[in-house]
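One structure is given below, encoded as structure tokens.
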Amino acid sequence: MTWASALKKTARAGLTIERVTLEPLVAVRGACGVAVVVGLMLAFGSPALAVSSAFGAFASGLATFQRSWRPRPLLALAVAGVLGLSTFLGYLAAAHLALFVALLAVWTLLSGMAWAVGPVTGFVATQTIAVMLVTVTLPTSVAGAAEHAALILVGGLVQAALIVVFPIRPWGRQRDALADALAAEADYARRLRHDPVAHFDPQPLMQARSAAELTPRQARSRPRQLGGARGVAERIRPVLASLADPVVGAPPEGPGRDRARELLGAAADVLDAVARAIRRGRPVRVTPEVMATLEVPESGPRLDGAARRSALRLMALLADVVEAGDEPLRATRPTAGTERRHLLRPTVAGLVPVAWRALRREARWSSPVGRHAVRVTTVACVGYLLGTALPLGHGYWVPMTSVMVMRPDFAQTYQRGVARFVGTLVGVWAGAGIMALTHPGPPVCAALAVVSVGLLYLLMRTGYIVVSACIGAYIVFLLGIAGEGWSQTVQARLALTLLGGVLALAAYALWPTWETPRLRDRLADWLRTNGDYALAVLDAHARPENRKRRVREALLDARAARLEWEEAAARAQQEPVRHRGISRAAERAAESALATLGRAAMLMEAHLPGPDAEPDPGAGEFAAALRAALPDAVTAVRERRRPDWSAPHAALAAWVARVGDEGVAVRGSELIVEALDELAEALAPGQRGRNRAARR
């Protein structure tokens, strides 16, 4: 993709406004938190204190809207604490330019590295820089600095208290995540009716798993309706695929295929009903006609062999998911010995070693997060010096714009850069126009600022251009409380916002971190994890006493690697660079092959033998050959060589010659070998020319 095409594409994405489901009550609650602290400070303090406390309440409320599964009051308090610390240190150093620039560099570097911990942590850390740059412009003493920092903390306390006192749809995000996972499986079942080898996006299941991770304290108050449906849904997915697959499931045509389609349609209806019940906190409602379909028919088309086993297993699992979705809707304190096992989420103290390991892993020159931290630090310091040197005033808007725009990848940085400037243009002009027409006093400015915050909270997920417009108007009104003239605000802030955005975009253009050259590494990681998943399933067939724990762990690793690949491929498609080592056509072919490999392993997982079943020596021999060939194949993908799968081919041929091609394990292994051959063909040297000739 050329630079012109990339810039056009990212600009269009940055200016896009999406239609989303709004949460007006949550937005009103967050705006009320800002209104409370601003009103109290105007009544009993000063305008400068009102501005500081408003920034604390605003940023704390903003953090509670991020996609995190931790309790919202905890997020508000954590953000307020970090904001108070950054503001206090900023006040102490603000009088000395060199000292403040040094503090800004250290804090920005740490904030840039915070993206290694997670997107929510990175966003919160970025907010601390922006708030520090704004609040330190308000004159005060050291004692006053401590007072300002304390008031920022008070703003977070108010937001946390409002969340506790006025809970709105408790556990709503967890309910939505679980309902989305069940709805995704319902959609998968419907697509399998017409496409027996349809692919399934595992991201909803991954989100549901993340939402199900709890601390022991959360586990005591979680509604029981959220306790068991996810685990059953995880087991349903491979059964759906194995029933629909024409190789190991129902026959391609005939009465057996019609019966499979009926079961898949009924399964979709049941999963949708459970999803609706969990999302709304109501009992499950399933029609009698659907339940009749999920019974073994006395006459009519029947399924045989592996397809019959899949159908019976599906009926049992659907009954389990209905029962799990019909658990008591209100949280009940479990009695001794009856508490469900839950996925453990580390406490705040337990996050410290996790965060430290993430930071150490990314503290290297080749890391995208490490390069982003250095890049944003350089831009913030240069922007602050430029803004200070210019005779426009409000110089902090240059580094503030840069740090709010910059992200570790190209597409987000450029999208946010365009959206930031256009949104700020709209917001600042709108705010300045209102100020010019009404000439409001501090109380009216405070009310207008609260309205801007409410609109921001309400429309946050519609697009960054809307967020930027609301923030621009909010700051105009908020600084109007302190008595700054609107005429100075408009021209200076627009010019400085443009300068900050240009610095951010230029920094990424001059010192980029492209995803495209790393695509082969991502593909190799996906091959390794998918291979480990297939090996775990084959080992369970070869030695049935080796049960499902290893299979489950390997499946989770394979899902994570697939998600990383998909995210990397999506970012690479928007980068203005030529491919380095893998063309777009080869990329799509390799992705299809690895998805087929994972699907073949999933089909075999649906028919894992019981612990007392007879071992399958052929599965063990094939697994040994695949295990020996996998490391060299992973290296070959990284080094642009063709993987060698001759050993798995030979082992499979010997297995088929000995027992024939009947049985789920044998047929699944044949699918695995076919997928590996497709991968080798997609990545073979010279494949680029063949793909180009085929397109012609």
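Figures for the structure shown
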{"quantity": "Members of the range 162-181 that are touching a Pro at 6+ places or on another chain (Cβ under 9 Å), open to solvent by 50 Å² or more (accessible area, probe 1.4 Å) and under 27 Å from GLY84 (Cα atoms)", "calculated": "VAL164"}
{"quantity": "Test: GLU567 is out of contact with any strand residue (DSSP E or B) (no Cβ under 7 Å at 6 or more places or on another chain) and either under 14 Å from ARG528 (Cα atoms) or in contact (Cβ under 8 Å) with a residue 24 or more places away in the chain (or both)", "calculated": "no"}
{"quantity": "Failed item, numbered, when ALA57 is tested on (1) assigned to a helix (DSSP H, G or I); (2) in contact with a Ser or Thr (Cβ under 9 Å, 6 or more places away or on another chain)", "calculated": "(2)"}
{"quantity": "ALA570 vs. criteria surrounded by fewer than 18 Cβ atoms within 10 Å (Cβ to Cβ) and within 29 Å of ALA233 (Cα to Cα)", "calculated": "yes"}
{"quantity": "Yes/no for VAL286 being over 17 Å from ALA306 (Cβ atoms), without any contact (Cβ under 8 Å) to a residue 40 or more places away in the chain and part of a helix (DSSP H, G or I)", "calculated": "no"}
{"quantity": "Residues of the range 392-433 that turn out to be open to solvent by 10 Å² or more (accessible area, probe 1.4 Å), modelled with pLDDT under 90, over 30 Å from GLY118 (Cα atoms) and of a type outside the set (Gly, Ala, Ser), as a count", "calculated": "4"}
{"quantity": "Pairs, first assigned to a helix (DSSP H, G or I) in the range 645-659, second at pLDDT 95 or above and of a type in the set (Phe, Trp, Tyr), C-beta under 8 Å, six or more apart", "calculated": "PRO648/PHE622; ALA651/PHE622; LEU652/PHE622; TRP655/PHE622"}
{"quantity": "Residue list for the range 46-66, restricted to those being surrounded by fewer than 19 Cβ atoms within 10 Å (Cβ to Cβ) and under 30 Å from the mean Cα position of the chain (by Cα)", "calculated": "PHE65, GLN66"}
{"quantity": "Long-range neighbours under 6 Å by Cβ, at least six apart or interchain, first residue of a type outside the set (Gly, Ala, Ser) within the range 247-261, second open to solvent by 30 Å² or more (accessible area, probe 1.4 Å) and assigned to a helix (DSSP H, G or I)", "calculated": "VAL247/ARG667; VAL248/ARG667; ARG261/ARG193"}
{"quantity": "Given (1) among the charged types (D, E, K, R); (2) outside any helix (DSSP H, G or I); (3) touching an Asp or Glu at 6+ places or on another chain (Cβ under 8 Å), number of the condition ARG407 does not satisfy", "calculated": "(3)"}
{"quantity": "Hey, HIS541 more than 21 Å from the chain's Cα centre (by Cα), farther than 17 Å from LEU630 by Cβ and modelled with pLDDT under 90 or not", "calculated": "no"}
{"quantity": "Within the range 137-170, considering residues that are without any contact (Cβ under 8 Å) to a residue 24 or more places away in the chain and over 32 Å from the mean Cα position of the chain (by Cα), the one farthest from LEU75 (Cα to Cα)", "calculated": "SER141"}
{"quantity": "Residue ID - nearest to VAL664 (Cα to Cα), chosen from residues in the range 267-326 that are among the charged types (D, E, K, R) and loosely packed, with under 13 Cβ neighbours inside 10 Å", "calculated": "ASP304"}
{"quantity": "Answer residue from the range 628-640, given it is open to solvent by 50 Å² or more (accessible area, probe 1.4 Å) and touching an Asp or Glu at 6+ places or on another chain (Cβ under 9 Å) and is farthest from ALA534 (Cα to Cα) among those", "calculated": "ARG638"}
{"quantity": "Selection count where residues are surrounded by 11 or more Cβ atoms within 10 Å (Cβ to Cβ) and not in a helix (DSSP H, G or I), scope the range 1-22", "calculated": "6"}
{"quantity": "ALA260 being hydrophobic (A, V, I, L, M, F, W, C) and in contact with a His (Cβ under 8 Å, 6 or more places away or on another chain)", "calculated": "no"}
{"quantity": "Single residue of the range 5-45 satisfying the filter (closer than 29 Å to VAL418 by Cβ and free of Cβ contacts under 8 Å to residues at least 60 places away in the same chain) that is nearest to the chain's Cα centre (by Cα)", "calculated": "THR21"}
{"quantity": "Some residue of the range 213-224 being under 25 Å from ALA266 (Cβ atoms) and among the acidic types (Asp, Glu)", "calculated": "no"}
{"quantity": "Residue in the range 120-134 that is in contact with a helix residue (DSSP H, G or I) (Cβ under 6 Å, 6 or more places away or on another chain), open to solvent by 40 Å² or more (accessible area, probe 1.4 Å) and at pLDDT 90 or above present", "calculated": "no"}
{"quantity": "Subset tally (residues that are open to solvent by 10 Å² or more (accessible area, probe 1.4 Å), touching a helix residue (DSSP H, G or I) at 6+ places or on another chain (Cβ under 6 Å) and more than 22 Å from GLY454 (Cβ to Cβ)) for the range 147-161", "calculated": "2"}
{"quantity": "Flag for ALA436 being in a helix (DSSP H, G or I), open to solvent by less than 40 Å² (accessible area, probe 1.4 Å), over 26 Å from ALA504 (Cβ atoms) and in contact (Cβ under 8 Å) with a residue 12 or more places away in the chain", "calculated": "yes"}
{"quantity": "Hits in the range 217-255 (condition: closer than 18 Å to ALA319 by Cα, open to solvent by 30 Å² or more (accessible area, probe 1.4 Å) and at pLDDT below 85)", "calculated": "ARG224"}
{"quantity": "The range 341-391 - residue that is at pLDDT 85 or above and among the β-branched types (Val, Ile, Thr) and, of those, farthest from the chain's Cα centre (by Cα)", "calculated": "THR388"}
{"quantity": "Selected residue [touching a strand residue (DSSP E or B) at 6+ places or on another chain (Cβ under 8 Å) and surrounded by 16 or more Cβ atoms within 10 Å (Cβ to Cβ)] from TRP115, TRP107, TRP69", "calculated": "TRP69"}
{"quantity": "Residue in the range 342-360 that is open to solvent by 40 Å² or more (accessible area, probe 1.4 Å) and either of a type in the set (Gly, Ala, Ser) or in contact with a Gly (Cβ under 7 Å, 6 or more places away or on another chain) (or both) present", "calculated": "yes"}
{"quantity": "Filter pass, THR137 being under 30 Å from PRO368 (Cβ atoms) and among the hydroxyl-bearing types (Ser, Thr, Tyr)", "calculated": "no"}
{"quantity": "Residue within the range 89-108 that is among the hydroxyl-bearing types (Ser, Thr, Tyr) and closer than 14 Å to PRO408 by Cα present", "calculated": "yes"}
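This table checks each residue for (1) within 20 Å of ARG562 (Cα to Cα); (2) open to solvent by less than 60 Å² (accessible area, probe 1.4 Å).
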site: VAL577; (1), (2): no, yes
site: SER583; (1), (2): yes, yes
site: ALA595; (1), (2): yes, yes
site: ALA600; (1), (2): yes, yes
site: GLU614; (1), (2): no, no
site: TRP645; (1), (2): no, yes
site: VAL656; (1), (2): no, yes
site: VAL666; (1), (2): no, yes
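The values are calculated or read from the model by the stated rules, or taken from the named source; none is laboratory data. Not measured: the values here are computed from a predicted model. Neighbour counts are summed over all protein chains in view; Cβ atoms, including those assigned to glycine, are modelled from backbone coordinates with ideal geometry. These area figures cover heavy atoms from the full protein model, side chains too; ligands, DNA and RNA do not enter into them. Shrake-Rupley method; radii C 1.70, N 1.55, O 1.52, S 1.80 Å.
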